[in-house]
Amino acid sequence: MTSQLARLNAWVDDVARLTKPDRIHWCDGSDAESAELTRQMLADGTLLALNPDTHPDCYLHRSDPSDVARVEHLTLVGTNKEIDAGPNNHWMEPTAAHAKIDALFDGCMQGRTLYVIPYCMGPIDSPISRCGVEITDSAYVVANMRIMTRMGAPALARIEREGTFVKGLHSVGDLDPDKRFIMHFPEELSIKSIGSGYGGNALLGKKCHALRIGSFQAKNEGWLAEHMLIVGIENPKGETHYIAAAFPSACGKTNLAMLIPPEGYRSAGWKVWTVGDDICWMTPGADGHLYAINPEAGYFGVAPGTGKTTNPNALTTIQSNTIFTNVALTADNQPWWEGLPGTPAIDWQGRAYDPANGPAAHPNSRFTVSARQCPSWSPHAEDAQGVPISAIVFGGRRPSLVPLVFEAKDWTHGVLVGAAMGSETTAAATGAVGVLRRDSMAMKPFCGYNYGDYFAHWLSFDQPGAKLPKIFHVNWFRKGADGKFLWPGFGDNLRVLEWIIDRCTGDAGAVETPIGFLPERHDLHVDGLALDAATLDALLSVDAAGWTDEVAAIGEYLDSFGARMPGRLKAEQQRVARALAAARSPARKVASG
C-alpha cells in the first residue's frame, strides 16, 4: 500500500472509530454497485420507482420536510484567524468547531453502513481537476455523487498518484435541525456536515468542495473556482466561442446554459453547446488565455419552472436515468411540478394533493442527471485542458436602471462590475420594493474566504502577457412603466451574446458611457422581435443621476469589507463616480473592438 492510500485508510479508520458504523463499503462506481444500492433503496423506501414507460430508470426521493434546502446560517468557515474568513462568512474557531461537530458524529452511524466515496471534480485526466473523498452514511448521497462527479476506482487511482484530496465527512445524523451544521476548514482542505441529507449540504463535492474549499485552493494555487455556467456559442462559420457567466439565483442560469437559438438563428446555422450549468474552474494557460472546465459531471437542477417553453433541453435531459427529489406525482406515477402540463395527484410529502397545503412540488425540488444526457452537451466538456473563455458575463435581476448589456472598460472595471452585481426584490407585504441584495460574482454564499482577498485575487490575473476575457454585464429583467419585461429573454438572449462575441473579435461597435461600452440600436440584431425604437432605447439607456446613486452605494458596499478591500478596486469605483459627474458631455462613439 502506498503512503497516500495509507493516509486515506488511516483517516477512514479514525472516522469509523468515531461514528461506529456496522459496516464499511468502499465505492468503486461500477454499474453493479449502483444496481445493488438502487435495489436496497427501493426496498427500504429511500427511492420510489417512477413510471417505467414514460421515465425509464427514474426514481423519486422524498427528504424530511425540515430538510429541503441549503442552510446558510448553519454553514460555517473555520479558519485560524477570523479575518481570513471575512464578514461574508459565518466563522468559528477551528478547534471549537471540530469539538462541537465531532460530539454529534460520535456513534452517529451505529446500525448503518459507512460509504467511502473517492471522487474527482473535473475530467479524470485534467490538470485543472481536483480530487476528494466523501465519507457518508447515506446511499442516496452515493447515488447522487455517482452522477455529479467522476466517482470510484479511477478517482482513487488518481488520489494514489497525487496524494492530495479534500476530506469530506457527512452523516444524516438524526435530521434534527438543531443538530445540523455544515463546516468548512479551508486551511485543512476538509469539510464536515451533519444533520442533513439534502443536496448541497450532503453532496460535499458540489458547493462545499467545488466552491467553498475550491475557491480557497484556487487562491493559493493561482486559478479561479466560480459559480458560473460555461456555454459555447457556435456561429454559422463553425467558430465556437465560450462564455462563462455568473448570476444570482432566479436569473435563468440553467436556461442560458441550455439555450435553444431562435428560429432565424437556428436556420442560419447557430448552435449552442452546454459545458456546464453551475460551476466553472478557470486557470491561465501557457498562451495567456483563461481555460475552463466544469468540475461536475451532472446537473442538480431546480425542477419547478422547467418546462417546454423555459428550458426544453433540460426537460428532454430528465426523461430517463434521473433521480428526482421532492417533486409531486401524477396519477400514473410521473414526476410533476409547477410549470408542467397535467394535474398532480400526490404532493412532495406523499399526501393526496390539496392546494390548501401549498405547491404540489417543493419550490426547491430537484433533479439529478448526467450532463451527457443533455441534447446540447458539448463533447469538449471532457477536454483535459479545458475550453478557452472569450468572455465573462455577470448579471442580475434589475427591473430598472441597469441596461440590457454593457461591456467593462478593462479587467479592473470588470472586477468592479462583478463585485457590484445583485438582484432587486419585491416585498409587497411591507411595501418595500426594489430592495437590492448584492451578490458579488454570485459567490456570496460560496466564497470560502474573505471577500476582500477574493477581489484582490481576481485583480491579480491582470498581468503582462495575459490575454484575459472581456467582461460584460447583462440584465434580462428590465421592466417598463407598465411593469412588463422589455426584453423577451430565453432563446432571444442569443442576440445579446452575439454582440458580446462580436465585441471580443472586434466585429461590433459600441458607444462609450461612464459605466462602460453599450451597443447602439443597430448593433443588436432584433429582426423578428416586437421591439419598437423607444423600447430598445430604454433597454440601452444610461441614467447618469440614477447611476451616480448606484455607484455611491457600491462604494459603501466595498467599504463594508474593511481593511482587506483592495485599494485598486475602491479607486476604480471612484473613477466611475468621477466619469458620471462629468457625464454632461455627449457619449463618444467607439471603434469596433
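The values are calculated or read from the model by the stated rules, or taken from the named source; none is laboratory data. Note that the structure is predicted; figures quoted are calculated from it, not measured. Because the Cβ atoms are built from the backbone with ideal geometry, glycine has one as well, and the counts that use them run over all protein chains shown. Ligands, DNA and RNA are stripped out before the accessible areas are found, and what is left, the full protein with its side chains, is counted by its heavy atoms. Shrake-Rupley method; radii C 1.70, N 1.55, O 1.52, S 1.80 Å.
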Practice item. Run the 1.4 Å probe and let me know the accessible area of Thr254, rounded to the nearest 10 Å². Key: 40 Å²
Revision key, fill the gap. Where a ≥ b ≥ c are root eigenvalues of the Cα gyration tensor, a/c under 1.5 meaning rounded, otherwise prolate if a/b exceeds b/c and oblate otherwise, the stretch 393-488 counts as oblate
Point to revise | Local electrostatic count at Gly350 - Lys and Arg +1, Asp and Glu -1, tallied over other residues with Cβ under 13 Å | key: -1
Point to revise | Accessible area (Å², 1.4 Å probe, nearest 10) - Met282 | key: 0 Å²
Exercise for review: Measure nothing but the geometry: give the 0 to 90° angle between the long axis through the Cα atoms of 544-559 and the longest principal axis through the Cα atoms of the chain, rounded to 10°.
Suggested key: 40 degrees
**Study point:** From the coordinates shown, volume of the Cα convex hull per residue in Å³ corresponds to which of [x] 213; [y] 151; [z] 163
**Key:** [z]
Exercise for review: Output the pairs from Lys219/Lys470; Lys192/Lys308; Lys20/Lys207; Lys207/Lys237; Lys81/Lys253; Lys219/Lys484 with a Cα-Cα distance over 30 Å in this structure; if there are none, say none.
Suggested key: Lys192/Lys308; Lys207/Lys237; Lys81/Lys253; Lys219/Lys484
Point to revise | Positive-end extreme of charge dipole, the stretch 410-523 - chosen from Leu497, Gln463, His522 (charges on Cβ) | key: Leu497
Check your understanding: Relative to the first principal axis of the alpha-carbon coordinates of the chain, what is the inclination of helix 139-148, with its axis defined by its Cα atoms, in degrees from 0 to 90 and to the nearest 10?
Key -> 40 degrees
Review point. Nearest 10 degrees, 0 to 90: what angle lies between the long axis of helix 494-505 and the longest principal axis of the chain (Cα atoms)?
Key: 70 degrees
Check your understanding: Which loop trypsin sites (Lys or Arg not before Pro) in the stretch 20-122, with loop taken from DSSP, have no more than 10 other Cβ atoms within 10 angstrom of their Cβ?
Key -> Lys81
Practice item. Let me know the charge dipole size of the chain about its Cα centre in debye, to the nearest 20, where only the beta-carbon of Lys, Arg (+1) and Asp, Glu (-1) is charged. Key: 760 debye
Review point. If we count every other residue with Cβ under 14 angstrom of Ile501's Cβ, Lys/Arg +1 and Asp/Glu -1, where does the sum land?
Key: -2
Review point. Just how large is the dipole of the stretch 464-574 about the Cα centre, in debye to the nearest 20, putting +1 at every Lys and Arg Cβ and -1 at every Asp and Glu Cβ?
Key: 480 debye
Review point. For the stretch 1-135, what does the alpha-carbon gyration tensor say about shape, rounded, prolate or oblate, given a ≥ b ≥ c as the root eigenvalues, a/c under 1.5 as rounded, and a/b over b/c as prolate?
Key: prolate
Revision key, fill the gap. For the chain, whose charge dipole is built from +1 on Lys and Arg Cβ atoms and -1 on Asp and Glu Cβ atoms, the candidate among Gly276, Ile323, Ile135 with its Cα farthest towards the positive end is Gly276
Review point. Tell me, how many Å apart are the Cα centres for the stretch 118-143 and for the stretch 200-225?
Key: 12 Å
Practice item. Just the number, please: carbon plus sulfur as a percent of the accessible area of the chain, 1.4 Å probe, no ligands or DNA/RNA counted. Key: 53 percent
Practice item. Determine how large the accessible area of Thr283 is when every protein chain is in place; take a 1.4 Å probe and give Å² rounded to the nearest 10. Key: 30 Å²
